[in-house]
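Input: one structure, supplied below.
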Amino acid sequence: MLEKLQTGEIDVKKIWFSDEAYFTLDGHLNKQNYRYWGRERLEITVVRSLHPKKFLVWCAISSHGVFGPIFIDGTLSAANYRKFLDEEFIPFLHGHDLVQGHWFMQDGARPHRTADVFEVLNEHFSDRIIGLDYPSHFQGGIEWPPYSPDLNPCDYYLWGYLKSKVWQTSPTNLPELKTAITTAVDTIDCEACSRVMVGFQNRLTAVLVKDGGHFEPLYH
């Protein structure tokens, strides 16, 4: 990846990074759902709901901005993943001339790696796919290491930023949570996204220096 960026084969400004994350609402829940853990100083507790109300949210980020949020009911399946790629994300990209010459990155979640999903991605991005298992289905593309949150801007920037914004509003129900997430996405401008993309290339270098090990936090 770093070689392709350095030779100009890939322009970091033309990569769409994507991911999902849960946004949990810790609101007024049945106290039967609470569990209290502690060995000492039992007056200090950490409250966690056993079955929290939550949304699964999908977004994509590039130097052009953030696409989303897409709210997913229940768990992500290959069928609903392909559906919103086909009906929402890809038409948006074509409408703004953001497909030609652009790359698409997805993580290694199993619903991302079916033949049907790879087929629709290949149809629009050709071999410009960064993702686990893609090269085994089509020629080209770049294999992506699983469990690599240090290298995905969604993980090292987007989700943390959005959640910090959302919790400032203290949503008390799911509709308010959904509105807060959408509003937070709208606060991210292209300038911030461009800085995050520069950070991606710096992180590639840091991973190589550490031979795949942990490295000190890098700020976007």
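Could you pull out the residue among PHE92, PHE118 that is open to solvent by 10 Å² or more (accessible area, probe 1.4 Å) and either out of contact with any Gly (no Cβ under 8 Å at 6 or more places or on another chain) or without any contact (Cβ under 8 Å) to a residue 40 or more places away in the chain (or both)?
Values: PHE118 fails: open to solvent by 10 Å² or more (accessible area, probe 1.4 Å).
Within the list PHE92, PHE118, the selection yields PHE92.
Considering only region 147-169, state which residues are more than 20 Å from GLU3 (Cα to Cα) and assigned to a loop (DSSP other than H, G, I, E, B). Lay out the reasoning, then the answer.
So the first thing to find is which residues in region 147-169 are more than 20 Å from GLU3 (Cα to Cα), and the list is 147, 149, 154-169.
TYR147, THR169, listed by residue number.
Right, LEU132: outside any helix (DSSP H, G or I) and at pLDDT 90 or above or not?
Details: outside any helix (DSSP H, G or I): yes; at pLDDT 90 or above: yes.
Criteria met by LEU132.
Results for (1) within 16 Å of CYS59 (Cβ to Cβ); (2) open to solvent by 50 Å² or more (accessible area, probe 1.4 Å); (3) not small (Gly, Ala, Ser), shown as yes or no for each residue.
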residue: PRO145; (1), (2), (3): no, yes, yes
residue: TYR156; (1), (2), (3): yes, no, yes
residue: TRP167; (1), (2), (3): no, yes, yes
residue: LEU177; (1), (2), (3): yes, no, yes
residue: GLU191; (1), (2), (3): no, yes, yes
residue: LEU204; (1), (2), (3): no, no, yes
residue: GLY212; (1), (2), (3): no, yes, no
residue: PHE215; (1), (2), (3): no, no, yes
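Can you pull out every residue in region 59-73 that is surrounded by 14 or more Cβ atoms within 10 Å (Cβ to Cβ) and outside any strand (DSSP E or B)? Can you show your working first?
Taking region 59-73 as the starting set, the residues that turn out to be surrounded by 14 or more Cβ atoms within 10 Å (Cβ to Cβ) are 59-72.
SER63, HIS64, listed by residue number.
Under 7 Å by Cβ, and 6 or more places apart or on different chains, what pairs join a residue from region 104-115 that is basic (Lys, Arg) with one that is assigned to a loop (DSSP other than H, G, I, E, B) and surrounded by fewer than 23 Cβ atoms within 10 Å (Cβ to Cβ)?
Close Cβ pairs (under 7 Å, with a partner that is assigned to a loop (DSSP other than H, G, I, E, B) and surrounded by fewer than 23 Cβ atoms within 10 Å (Cβ to Cβ)) amount to ARG113/LEU132; ARG113/ASP133.
Please specify each residue of region 1-22 satisfying the condition of being farther than 16 Å from LEU208 by Cβ and of a type in the set (D, E, K, R).
Correct list: GLU9, ASP11, LYS13, LYS14, ASP19, GLU20.
Per-residue answers, yes or no, for (1) under 24 Å from PHE200 (Cα atoms); (2) under 14 Å from the mean Cα position of the chain (by Cα):
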site: GLU87; (1), (2): no, no
site: ALA109; (1), (2): yes, yes
site: THR114; (1), (2): no, no
site: PRO145; (1), (2): yes, no
site: SER148; (1), (2): yes, yes
site: CYS154; (1), (2): yes, yes
site: TRP167; (1), (2): no, no
site: ALA180; (1), (2): no, no
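Looking at region 109-123, is at least one residue within 18 Å of VAL66 (Cβ to Cβ), in a helix (DSSP H, G or I) and polar (S, T, N, Q)? Even if it seems obvious, please write down each step before you answer.
We begin by selecting, within region 109-123, every residue within 18 Å of VAL66 (Cβ to Cβ); these are none.
Checking region 109-123: not a single residue is within 18 Å of VAL66 (Cβ to Cβ), in a helix (DSSP H, G or I) and polar (S, T, N, Q).
Of the residues LEU132, LEU76, LEU56, only one is in contact with an Asp or Glu (Cβ under 9 Å, 6 or more places away or on another chain), touching a residue at least 40 places away in the same chain (Cβ under 8 Å) and surrounded by fewer than 21 Cβ atoms within 10 Å (Cβ to Cβ); which? Working first, answer last.
Values: LEU132 fails: touching a residue at least 40 places away in the same chain (Cβ under 8 Å); LEU56 fails: touching a residue at least 40 places away in the same chain (Cβ under 8 Å).
After ruling out the rest, the residue left standing is LEU76.
Now for a different question. With respect to PHE23, determine if the residue is modelled with pLDDT under 95, under 28 Å from CYS59 (Cα atoms) and buried (at least 18 other Cβ atoms within 10 Å of the Cβ).
Working: modelled with pLDDT under 95: yes; under 28 Å from CYS59 (Cα atoms): yes; buried (at least 18 other Cβ atoms within 10 Å of the Cβ): yes.
So PHE23 fits the description; yes.
Also, I was wondering about something else. Just to be sure, is GLY65 free of Cβ contacts under 8 Å to residues at least 24 places away in the same chain and closer than 22 Å to ILE181 by Cα? Don't jump to the end; show me each part of the working.
Details: free of Cβ contacts under 8 Å to residues at least 24 places away in the same chain: no; closer than 22 Å to ILE181 by Cα: yes.
When the stated conditions are applied, GLY65 does not pass them.
The values are calculated or read from the model by the stated rules, or taken from the named source; none is laboratory data. Computed from a predicted structure; not experimentally measured. Reconstructed Cβ throughout: ideal geometry from the backbone, glycine too, with neighbour counts over all protein chains shown. SASA here: full protein model, heavy atoms, side chains in, ligands and nucleic acids out. Shrake-Rupley method; radii C 1.70, N 1.55, O 1.52, S 1.80 Å.
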